[in-house]
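The values are calculated or read from the model by the stated rules, or taken from the named source; none is laboratory data. The structure presented is a predicted model; accordingly, all values stated were derived computationally and were not measured. Using ideal geometry, Cβ is built from the backbone for each residue, glycine included, and neighbour counts are taken over all protein chains shown.
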């Protein structure tokens, strides 16, 4: 083996030498762990329940907002604080527009039903955070993120913005209701 | 270039080139000024997110957040890294600095750029945070300042390579460059990758801010993070190089195997930068295959590299100690190590907190799907304060305790405080990062002024645990900031008002001089025999020449496995999403 | 710490791996190319080739 030396000294001659068995074992174990780390992602992609794949498209922000307004007009059942509440049927495409500083509309979804949730922004980047579940997605102007979602429990949820979008960023809170099979929203979320 | 431009260091025997030394000093000093600005910002920020205090108004919170990010992640760290690059390509290999005047011009460019950026931010003309995501718009001078800074840094990085070419030609060293310099090469290469992406994004964005072109929001994020995250990987490579250096200086750490350690740096060079994808895992513009390949640093090869250093750095230290007689049991080498040497304690805390807290959380939250429960929550800054602050900054502080006597040739001021500063800083950061990470797991957002949502149309109530955790974030942050202010005070006093250091006497403790210099960890003349003996196979349960390290990495791996799979379990509880 | 010491054995052939690792410009090019292809170019292609939304 080469002469004993520190990291501040130039190694003499050939330093491309075999490692000690203990080191080889650690590198092997680390390599195997890295393969496990890597394998988890494709595995979860095919077998797991949560993936950020979605149906992803480019979109003109105003076109997306217009579509959202059509969607609201089609399914509105009420309003809260001036924001329309909409109840789309299971299996449908639902639209949520983020804009400084609100989320529109308030979606009322059914527990266990599947929807394609389209997220986009009218202006700047926003961050979709479903509270208190803690589901997070980036909402980018010019892009339609169509996530296939299936609510797992009824509740009265909040959507908060977690991407800085201007001075009113911390006032940007939306609402999302999930009703159970018999049509009631149990107190799974906040007020 | 004459021989009179060099002085010979009394402690290390290395030849120090005067013009190189001057550039090292200038960049180190400015880096500490930036650290001070960033640390002041840190105090203001934690006292704002601690809702009971809520110090800053909303506009000032977001403003100072940007100042803190820029000052720490760009100015403090990169100026210090310029010093490291100058040091590693001259002092460490007894070489001269090529074209020092160009170094000064670049320094000037970087300072001008930094001042422009700071002024724009402080005067409210760049309330766009460190990431400046388009379409948030800042004053054109903000972007121009960043560009000037980046150009200066690119020139210095190129001069680093020029130094190495000239040093080889002038046969300033035999064989290969030392491992510490090789680590700096890795850092420099990643810096070039980083700065090329920086140019690619800031030039168009500057033009956009003048109304001259369009910039797509998703493309901005893609290219910006090619600068933003890669710059943190410069920090990783530089930090590891400093680990090898401090190990050598404090405990005579030996290189266990050059091939393996250099392989790890090469894996960084090839694969670490693509993990910029960590920030784009829940973005609409990129697909799953791209996300999985990139976020995994290409099948986790760069994580393999970190796990290699995670072994070779402590193993080298353990071996360095064992070869000097600390052979009893598994951990005498650690127990009897120079814990009163702030260079050593900084080194250890840097390795441990970076590895256990920073590394494990980082790989986990950078997993494509787990990121769904993490993105833009406090888990993100919780993670990166454990890596870049408790890891890189801590290592840089440790190196400074040797920089002051060796390059500035002054005694370290406030020596009693200096010895405990790393403990204070590490403890503060540990409380800070763990509390922040835990708060993030409740979904608490990052970059957010008010989680009571007092001005929002719909109320949200977080668990009362969150208020407690944010209180601890403040406590940890204030403790760490105190450690940072102490460090700044020590650096300023030592450099500008400190006692000049003459000859270092060996064998007696000296005030303001770390133990690695007064009691240098010299190896005996038969060290090669001793080393060969330790490497003998068939040593039974002793697991090779560094058994203590084997135990430590075993604990690390266990923690990693548990943390990783717990997160998958937590992910499985949320909505089905695809 | 000890001072730098003398020369390597003059006839020892340097293995290819060692020579590759000593070639900083090769490492620089490899680092830039791999990142540019796998992260930047592929990423740009992904974004730019996204189809237009039909907003069903």
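Below, the figures for the structure above:
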{"item": "Selection count where residues are away from chain C (no Cβ under 14 Å) and part of a helix (DSSP H, G or I), scope the stretch B:197-218", "result": "7"}
{"item": "Residue in the stretch B:442-464 that is assigned to a helix (DSSP H, G or I) and either touching a strand residue (DSSP E or B) at 6+ places or on another chain (Cβ under 7 Å) or at pLDDT 95 or above (or both) present", "result": "no"}
{"item": "Within the stretch A:95-110, considering residues that are over 16 Å from the mean Cα position of the chain (by Cα) and part of a strand (DSSP E or B), the one nearest to residue A:68 (Cα to Cα)", "result": "A:104"}
{"item": "Selection within the stretch A:75-94 - within 23 Å of the chain's Cα centre (by Cα), in a strand (DSSP E or B) and over 16 Å from residue A:174 (Cβ atoms)", "result": "A:93"}
{"item": "Any chance residue B:194 is within 14 Å of chain A (Cβ to nearest Cβ), crowded, with 17+ Cβ neighbours inside 10 Å, at pLDDT 95 or above and in contact with a helix residue (DSSP H, G or I) (Cβ under 9 Å, 6 or more places away or on another chain)", "result": "no"}
{"item": "Listing of helices (runs of 4 or more DSSP H) fully contained in the stretch B:506-578 that carry 1 or more residues being more than 30 Å from residue A:22 (Cα to Cα)", "result": "B:515-518, B:547-571"}
{"item": "Residue check for residue B:108: within 17 Å of the chain's Cα centre (by Cα), surrounded by fewer than 24 Cβ atoms within 10 Å (Cβ to Cβ) and modelled with pLDDT of 95 or more", "result": "no"}
{"item": "Contacts under 7 angstrom Cβ, first residue in the stretch A:46-74 being more than 12 Å from chain C (Cβ to nearest Cβ) and in a strand (DSSP E or B), partner crowded, with 21+ Cβ neighbours inside 10 Å and modelled with pLDDT of 95 or more, 6 or more apart", "result": "A:50/B:369; A:50/B:372; A:50/B:571; A:50/B:577"}
{"item": "Residue that is touching a residue at least 24 places away in the same chain (Cβ under 8 Å), over 30 Å from residue B:437 (Cβ atoms), surrounded by fewer than 19 Cβ atoms within 10 Å (Cβ to Cβ) and at the interface with another protein chain (Cβ under 7 Å from one of its Cβ atoms), where the choices are B:522, B:527", "result": "B:522"}
{"item": "Residue that is nearest to the chain's Cα centre (by Cα), among those in the stretch A:149-168 that are facing another protein chain (nearest Cβ under 7 Å), crowded, with 19+ Cβ neighbours inside 10 Å and not in a loop (DSSP other than H, G, I, E, B)", "result": "A:149"}
{"item": "Flag for residue A:146 being over 30 Å from residue B:59 (Cβ atoms) and at pLDDT 95 or above", "result": "yes"}
{"item": "Tally of residues being over 18 Å from residue B:495 (Cβ atoms) and under 17 Å from the mean Cα position of the chain (by Cα) across the stretch B:1-41", "result": "1"}
{"item": "Qualifying residue in the stretch B:385-405 (condition: touching a strand residue (DSSP E or B) at 6+ places or on another chain (Cβ under 9 Å) and surrounded by 24 or more Cβ atoms within 10 Å (Cβ to Cβ))", "result": "yes"}
{"item": "Qualifying position, being more than 21 Å from the chain's Cα centre (by Cα) and more than 14 Å from chain A (Cβ to nearest Cβ), among B:102, B:85, B:56, B:73", "result": "B:102"}
{"item": "Qualifying residue in the stretch A:111-130 (condition: farther than 25 Å from residue B:371 by Cα and either more than 10 Å from every other protein chain (Cβ to nearest Cβ) or not in a strand (DSSP E or B) (or both))", "result": "no"}
{"item": "Selection count where residues are within 24 Å of residue A:56 (Cβ to Cβ), surrounded by fewer than 21 Cβ atoms within 10 Å (Cβ to Cβ) and without any contact (Cβ under 8 Å) to a residue 24 or more places away in the chain, scope the stretch A:76-112", "result": "1"}
{"item": "Single match in B:545, B:514 (criterion: facing another protein chain (nearest Cβ under 7 Å), touching a residue at least 60 places away in the same chain (Cβ under 8 Å) and in contact with a helix residue (DSSP H, G or I) (Cβ under 6 Å, 6 or more places away or on another chain))", "result": "B:545"}
{"item": "Single unsatisfied condition, residue B:535 versus (1) surrounded by fewer than 19 Cβ atoms within 10 Å (Cβ to Cβ); (2) at the interface with chain A (Cβ under 10 Å from one of its Cβ atoms); (3) modelled with pLDDT of 90 or more", "result": "(3)"}
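A quick yes/no check of all residues on (1) within 40 Å of the chain's Cα centre (by Cα); (2) assigned to a strand (DSSP E or B); (3) more than 7 Å from chain B (Cβ to nearest Cβ); (4) surrounded by fewer than 20 Cβ atoms within 10 Å (Cβ to Cβ):
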residue	(1), (2), (3), (4)
A:3	no, no, no, yes
A:12	no, no, no, yes
A:15	no, no, no, no
A:25	yes, no, yes, yes
A:36	yes, no, yes, yes
